[in-house]
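In what follows, a single structure is set out as structure tokens and then discussed.
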Amino acid sequence: MTYFKTIHPRFKLNGISFSNDSLKAFALELIKKDNFENAIGLFLRLWLSDGKDLVVHTSGSTGTPKPIIIQKEQMVNSALATGKFFNLKEGDTALLCLPASYIAGKMMLVRALVLGLEIDYVDPSSNPLEKVGKQYKFSAMVPMQVFNCIDKLHLIDILIIGGAAVSLDLKKQLKAVPNKLFETYGMTETITHIAVKEINATSFKTLPNVTISLDNRNCLVIEAPQVSNEIITTNDVVELVSKTEFKWLGRFDTIINSGGIKLNPEQIEAKLSNYIKTDFFVASLPDAVLQNKLVLLIEGEQINDDLIATLKKSTAFTSYEIPKEVYCISEFARTESGKIQRAKTLALLKK
């Protein structure tokens, strides 16, 4: 069956059933709009076209966004794997609240088209549930949206969270939420997630037809022939728990060598999240003695002057893990989808 040329008979968009022709016509109307609906229309037209490939772009959180060609068949396979993992059935309801200009938003639409979901869309704002009163079976959000929607998350039975790591502080708040929450691991090259974990679990579990291994840096290697033509070697340092599970430890390309000691920013940030409630990250700046010194960048309000003193008293931190300088920046550089751009934000200090 050529999924991208045939709409599942149970598929609905904003409560409306469509044929191929009527959905193409509806997409054209969306394309004429100058808001977020334009991207939805553009994607639907491309999906229903005769072309077998699509060009998508990486998020740009770790560098310049780059175009990637992916096959529609691979997107279908990804949708089927997600449907199987979460036991999604035709007629289940879904909510699209991510931009359709990025792969995560596109895949929400593909899941609905392939699995026969009844999907609604709302403005992909920082608080997408603000005007929502309906119960949904499935949705996807980035951490910033989750934080702003905590009081209404009960409206989503199964929520996957991706695009950025979920902070320890947010995880603590989510313990009181009764529905099923999952953090995802993936990238544009793998057509969104290839592994998920319950929000307070320690290990990611791979989706069907995914094989994982380590390279000589202890970075994750992904073989997922259903969604990628190539074996993907990542820069994510992980610990393999089993053939289908792994613990994410941090990014190899962000490791800081300070005075001969290798520091993992993500592990330090996990500890710092117990003390800082706003967005932040650690990085390095040149230093005459250490070559690279650890610095802390905090978004928004000024921090408590006693923070560094408090960290020095804590047994959780080594002396190398305590930031040597703290900088408060009014607003971090971010991608359109809300991911922090660390390099660009750090460059703001030099202006």
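For the stretch 95-201, applying the loop criterion from DSSP together with a ceiling of 13 other beta carbons within 10 Å to the GluC sites (Glu not before Pro) yields Glu130. Beta bridges assigned by DSSP with both partners in the chain are antiparallel in approximately 65 percent of cases. Rounded to the nearest 10 degrees, the inclination of helix 103-115 to the longest alpha-carbon principal axis of the chain is 30 degrees.
Report for the stretch 255-350 the percent antiparallel among DSSP-assigned beta bridges with both residues inside it, nearest 5.
If I count the DSSP bridges inside the stretch 255-350, around 70 percent turn out antiparallel.
Which shape class, rounded, prolate or oblate, goes with the stretch 1-148 when its Cα gyration tensor gives a ≥ b ≥ c as root eigenvalues, a/c under 1.5 marks rounded, and past that a/b bigger than b/c marks prolate? Judged from the Cα gyration tensor, the stretch 1-148 comes out rounded (a/c under 1.5). Using C-alpha pairs below 8 Å separated by at least 6 residues, the relative contact order for the chain is 11 percent. Strictly over 32 Å apart at the Cα level, which of Lys84/Lys262; Lys106/Lys324; Lys24/Lys172; Lys24/Lys84; Lys32/Lys137 would you flag in this model? Pairs exceeding 32 Å: Lys84/Lys262; Lys106/Lys324; Lys24/Lys172. Considering only Pro225, Thr192, Leu13, the residue lying farthest towards the positive end of the dipole of the chain is Pro225, judged by Cα position with unit charges set on Cβ. Each of the peptides 162-169, 137-144, 311-318, 21-28 was scored by the mean count of other Cβ atoms within 10 Å over its residues; in descending order, highest first, they stand as 137-144, 162-169, 21-28, 311-318. Of the options Val295, Ser273, Tyr327, report the single residue whose Cα projects farthest towards the positive end of the charge dipole of the stretch 255-350 (beta-carbon charges: Lys, Arg +1; Asp, Glu -1). Ranked along the dipole, the leading option is Val295. Here Lys52 is the anchor, and the aspartates and glutamates within straight C-alpha reach of less than 18 Å, apart from those fewer than 8 places off in the same chain, are Glu73, Glu189, Glu230.
Please give the net charge around Val282, taking every other residue with its beta carbon less than 11 angstrom from that of Val282, where Lys and Arg add +1 and Asp and Glu add -1.
Residues near Val282 contribute 0 overall.
Compute the long axis of helix 72-85 from its Cα atoms, compare it with the longest principal axis of the Cα atoms of the chain, and write down the angle in degrees, 0 to 90, nearest 10. So the inclination is approximately 80 degrees. The calculated 222 nm mean residue ellipticity attributable to helices in the chain amounts to -7000 deg cm²/dmol, summing -39500 (n - 2.57) over DSSP H runs of n ≥ 4 and dividing by all residues. Relative contact order of the stretch 153-305, taken over Cα pairs closer than 8 Å and 6 or more residues apart, is 14 percent. P(r) for the chain, from all Cα pairs and a bin width of 20 Å, is 28, 56, 15, 0 %, short bins first.
Each residue in Cys219, Cys97, Cys149 was given a count of other beta-carbon atoms within 10 angstrom of its own, and listing them fewest first yields Cys219, Cys149, Cys97. What is the sum of charges, Lys and Arg at +1 and Asp and Glu at -1, for the other residues whose Cβ falls under 13 Å from the Cβ of Ser203? Neighbour charge sum, excluding Ser203 itself: 0. Shown here for the stretch 206-308: GluC sites (Glu not before Pro) in loop regions (DSSP other than H, G, I, E, B) with at most 11 other Cβ atoms within 10 Å, namely Glu230, Glu301. Max-minus-min Cα coordinates of the stretch 255-350 on each principal axis give 36, 26, 21 Å, with the largest extent listed first.
Where a number appears in this text, it was derived from the coordinates with a stated rule and is not lab data. Small disclaimer: the values here were computed from a predicted structure and weren't measured. For neighbour counting, all protein chains shown are included, and Cβ atoms are generated from backbone atoms with ideal geometry for every residue, glycine included.
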